[in-house]
Amino acid sequence: MGWLFMPFTSMGGHKTAKSYLDGQLTYEKTLDDGSKRGVRVLASSCPGNRTYYAAAQETVDGVGGAVFAVVCLVRWNPRSRDGHQFGYKDMIENAGPCEADCPAAILDLLSPTEHEYAIDWRARCRANLERRARKLADGDRIRLPEPVTFTDGNVAQEFVVCKRGRSLVLRDPQNGCFYRISRIMERAWTIVPITKIHKTVFA
């Protein structure tokens, strides 16, 4: 499905992308044979009205069945001049979405799947969760998988972690300059072991 845009007045009273999409994904239809089939959202997340993730369950005559993931790209622009204040593009996990920051609480609700793209998407989400859960201490030395080129022209791959309150900056041990790298906790860095030198004391 492509993008669908609308003004806030077309959102049926919903104040957030999450509440609107929860409503859109929860429905029940009566088929010609009299049975009722639908979908209901078990859990969802859309922090900052950005990317929406949901665990959606198929239902037949009110009985819950398989649970699958839904991902919606979201555009939230209250100051839009053309009236397209809210837009979304929905897909299911079988499409292999590039966005892979689904919360663990939603991933844990999903039913087992044999679909290759869905398996890959779930694995990428878990890997991102593991990366963000890592801890960095002041003085740690990290190495990125590839060198980074900064706006001052410096190219570096290893950095020393320097914490400034809640903020984190990286110092290039070669030139002593400080740098910031966006979304550093989600990158595939590794800790560089510090070699300790033991001194021998002679009597």
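The values are calculated or read from the model by the stated rules, or taken from the named source; none is laboratory data. Computed from a predicted model, the values in this text were never measured in an experiment. Note that we place each Cβ from the backbone using ideal geometry, even for glycine, and neighbour counts take in every protein chain shown.
When we screen Ala69, Ala104 for residues that are buried (at least 18 other Cβ atoms within 10 Å of the Cβ), assigned by TED's automatic domain parsing to the domain that holds Leu21 and either under 26 Å from Asp120 (Cβ atoms) or hydroxyl-bearing (Ser, Thr, Tyr) (or both), the only hit is Ala69. Of the residues making up region 113-151, those that are closer than 16 Å to Cys102 by Cβ and outside any helix (DSSP H, G or I) are Thr113, His115. Does at least one position in region 37-49 carry a residue that is surrounded by fewer than 16 Cβ atoms within 10 Å (Cβ to Cβ), modelled with pLDDT under 95 and within 26 Å of Ala123 (Cβ to Cβ)? Yes - at least one qualifying residue is present in region 37-49. With the condition kept exactly as written, say whether any residue in region 140-151 is on the phi > 0 side of the Ramachandran plot and not assigned by TED's automatic domain parsing to the domain that holds Glu93. No, the conditions are met nowhere in region 140-151.
Test Lys29 against the criterion of being charged (D, E, K, R) and either surrounded by fewer than 17 Cβ atoms within 10 Å (Cβ to Cβ) or over 20 Å from the mean Cα position of the chain (by Cα) (or both), and give yes or no. Criteria met by Lys29.
Please pick out the residue among Arg81, Arg75 that is out of contact with any Gly (no Cβ under 9 Å at 6 or more places or on another chain) and assigned by TED's automatic domain parsing to the domain that holds Ser19. Sole residue among the options that is out of contact with any Gly (no Cβ under 9 Å at 6 or more places or on another chain) and assigned by TED's automatic domain parsing to the domain that holds Ser19: Arg81.
Residues checked against (1) exposed (fewer than 14 other Cβ atoms within 10 Å of the Cβ); (2) in the same structural domain as Asp22 (by TED's automatic domain parsing):
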| position | (1), (2) |
| --- | --- |
| Leu109 | no, yes |
| Gly153 | yes, no |
| Val160 | no, no |
| Gln174 | yes, no |
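When Tyr20, Tyr53, Tyr27 are checked against the criterion of being touching a His at 6+ places or on another chain (Cβ under 7 Å), of a type outside the set (Val, Ile, Thr) and assigned by TED's automatic domain parsing to the domain that holds Pro103, Tyr20 stands alone in meeting it.
A single entry from Leu129, Leu107, Leu136 fulfils the requirement of being among the aliphatic types (A, V, I, L, M), within 17 Å of the chain's Cα centre (by Cα), more than 19 Å from Asn175 (Cα to Cα) and at pLDDT below 95: Leu129. Checking each residue in region 152-180 for being assigned to a loop (DSSP other than H, G, I, E, B) and within 27 Å of the chain's Cα centre (by Cα) picks out Gly165, Arg166, Arg180. Among the residues of region 49-64, not a single one is within 20 Å of the chain's Cα centre (by Cα) and over 23 Å from Thr16 (Cβ atoms). Name the strands (runs of 3 or more DSSP E) wholly inside region 18-66 in which the number of residues that are in contact with a Gly (Cβ under 6 Å, 6 or more places away or on another chain) and polar (S, T, N, Q) is 1 or more. Those strands (runs of 3 or more DSSP E) span 52-60.
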